[in-house]
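The values are calculated or read from the model by the stated rules, or taken from the named source; none is laboratory data. This is a predicted model, so every value here is computed, not measured. As a convention, Cβ positions derive from the backbone with ideal geometry for all residues, glycine included, and neighbour counts pool all protein chains shown.
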Amino acid sequence: MRALFFLTALAITTNACADNTEKNLPQTVEHNKTEFTLCAQERVSKLWFDIVDVGIYYQNCNEAEHVFDNKTKLLRFSYLREVEGQQFTEGAIEYLEDNLSQEEQERCSSHFVELNKVYQDVSSGDSYDLFLLEDTGLKLYLNGEHLHDMTEASCHSTYLNVWFGEESMDSQFKDLADKIKN
């Protein structure tokens, strides 16, 4: 119920429906001389509103084990409508609290607080890139502009509970995660 309310609120933040019918994710993305290949994608929609195309990229799709593996990967969120930065922050906090054990919260929450502060408003066509770099940490970009580094590598995959945890914003994130299971 909470997930429906959250994503419905996201959908209502704009007046017009997105007219994109094709997922607008590139097949490859280059970052710091490393090429990432699109391994799985899903469009997240609520009611008749398309909200975001989400893609999971790896250097080699055949090596992807599951969304929570510690392998280097990219999550791209390509927005099809306006969403306020405060909605990202509130949703991230809520789903991390719902999905993390007490130990995980104690170990990672200070790192997540700093990351959750940098979310900004987006419009149709904007993209957040969340790079999870093995043994390095997490890097967040908006439209190619660097926003934040989280250097605690032991927490970077844990952050994915925002979307892929037991309590999820939408079942379409579970569908996406299931597409990359080996």
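The residue that is surrounded by the fewest Cβ atoms within 10 Å (Cβ to Cβ), among those in the stretch 139-164 that are among the polar types (S, T, N, Q) and within 15 Å of the chain's Cα centre (by Cα), is 143. Taken together, the residues in the stretch 159-182 that are without any contact (Cβ under 8 Å) to a residue 60 or more places away in the chain and either of a type in the set (A, V, I, L, M, F, W, C) or closer than 23 Å to residue 60 by Cβ (or both) amount to 1.
Close contacts from the stretch 85-99, counting a first residue that is without any contact (Cβ under 8 Å) to a residue 40 or more places away in the chain and a second that is buried (at least 20 other Cβ atoms within 10 Å of the Cβ) and of a type in the set (Val, Ile, Thr), with Cβ to Cβ under 8 Å and a gap of 6+ residues or different chains, come to 85/122. Residue 14 meets all of the listed conditions (1) of a type outside the set (Gly, Ala, Ser); (2) surrounded by fewer than 15 Cβ atoms within 10 Å (Cβ to Cβ); (3) at pLDDT below 90 but one, namely (2). Looking at residue 122, is it without any contact (Cβ under 8 Å) to a residue 40 or more places away in the chain, of a type outside the set (D, E, K, R) and over 23 Å from residue 59 (Cβ atoms)? For residue 122, the condition - without any contact (Cβ under 8 Å) to a residue 40 or more places away in the chain, of a type outside the set (D, E, K, R) and over 23 Å from residue 59 (Cβ atoms) - is not met. Of 76, 81, all but one fail to be more than 16 Å from residue 129 (Cα to Cα), at pLDDT 90 or above and among the basic types (Lys, Arg); the exception is 81. Do the conditions hold for residue 154, that is, is it touching a residue at least 12 places away in the same chain (Cβ under 8 Å) and of a type in the set (Gly, Ala, Ser)? Considered against the rule, which asks whether it is touching a residue at least 12 places away in the same chain (Cβ under 8 Å) and of a type in the set (Gly, Ala, Ser), residue 154 comes out as yes. Residue count for the stretch 61-117 under the criterion of being crowded, with 20+ Cβ neighbours inside 10 Å, over 30 Å from residue 27 (Cβ atoms) and out of contact with any helix residue (DSSP H, G or I) (no Cβ under 9 Å at 6 or more places or on another chain): the result is 0. Would the stretch 128-138 turn up any residue that is within 19 Å of residue 40 (Cβ to Cβ), surrounded by fewer than 19 Cβ atoms within 10 Å (Cβ to Cβ) and touching a residue at least 24 places away in the same chain (Cβ under 8 Å)? There is at least one residue in the stretch 128-138 that is within 19 Å of residue 40 (Cβ to Cβ), surrounded by fewer than 19 Cβ atoms within 10 Å (Cβ to Cβ) and touching a residue at least 24 places away in the same chain (Cβ under 8 Å).
Count of the stretch 17-52 residues, restricted to those that are in contact with an Asp or Glu (Cβ under 6 Å, 6 or more places away or on another chain), modelled with pLDDT of 90 or more and either surrounded by 12 or more Cβ atoms within 10 Å (Cβ to Cβ) or within 18 Å of residue 162 (Cα to Cα) (or both), is 4.
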